[in-house]
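Contents: one structure, followed by commentary.
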Amino acid sequence: MVPLVPSHSVICHTSAAALPGPATVAIVNVPVVSALHVAPGRRLPTRSVESVEIVQARGIVGDRYEGAKHRQVSIQSLEAIREAEADFGAPIDPGSTRRNITISHGAVPTEPGALIRIGTAVLEVVRVAAPCKLLDDAIGPNAQHALRRRAGSICRVLESGVVSTGDEVHLPELVGDDRKIGPPRTR
């Protein structure tokens with residue numbers, strides 16, 4: 001099993017020349033890829049890997065959903081898994097949920113069209129990932145219920161890239177009516 005990677009703390013500095021007002025320093029806790037899992041076929045166990053190649057319009061090379069039209073990559077938050085563990089009453093291994101990418105923390109966007117940048121890869125949310133009945137068999141009775149509304153999102157790949165554990169994850173932020181991805185803004 002690949003160990004889970006902690007999140008990064010990034011120090012952002014804005015000078016008076018960059019923005020109006022006094023210079024500020026903010027520590028931003030940037031989510032990172034904590035774990036990666038692939039399965040070579042449906043109903044086959046997932047295996048933990050250090051990195052994956054994500055290909056535009058195809059998905060993760062070697063994963064069961066490679067080449068699917070919409071379900072190319074799945075992503076979940078370790079923070080949400082920990083919340084599910086409280087309801088479930090036992091630890092839940094991120095690989096047992098059958099999601100490809102687990103991020104250290106933060107809310108995984110569920111709104112279709114939301115963009116997520118991981119390393120150089122860009123994913124577009126297609127829909128919420130619904131936990132399936134297989135989870136009750138793999139994890140234990142009521143695991144499916146504990147993971148409901150915490151199972152992350154299903155995405156398609158807009159831009160290719162290699163993703164590794166420890167890579168920063170840039171979740172969308174709403175700026176006016178425009179959606180953009182990139183490092184979190186400092187306030």
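The values are calculated or read from the model by the stated rules, or taken from the named source; none is laboratory data. Here the structure is a predicted model, which means the values were calculated and not measured. FYI the Cβ positions are ideal-geometry reconstructions off the backbone, even for glycines, and counts take in every protein chain you see. Heavy atoms of the whole protein, side chains included, go into the accessibility calculation; ligands, DNA and RNA do not. Shrake-Rupley method; radii C 1.70, N 1.55, O 1.52, S 1.80 Å.
The modelled label-to-label distance for the pair E111/Q56, using points 7 Å beyond Cα in the direction of Cβ, is 2.6 nm. The residues of region 86-177 have, on average, 45 Å² of accessible surface per residue, using a 1.4 Å probe with all protein chains present. One chain, two ends: S160 and R47. Fully extended at 0.36 nm per residue, the span grows by 38.5 nm beyond their Cα-Cα distance. Overall, the anisotropy analysis places region 61-125 in the prolate class: the square-rooted eigenvalues a ≥ b ≥ c of its C-alpha gyration tensor yield a/c not less than 1.5, with a/b exceeding b/c.
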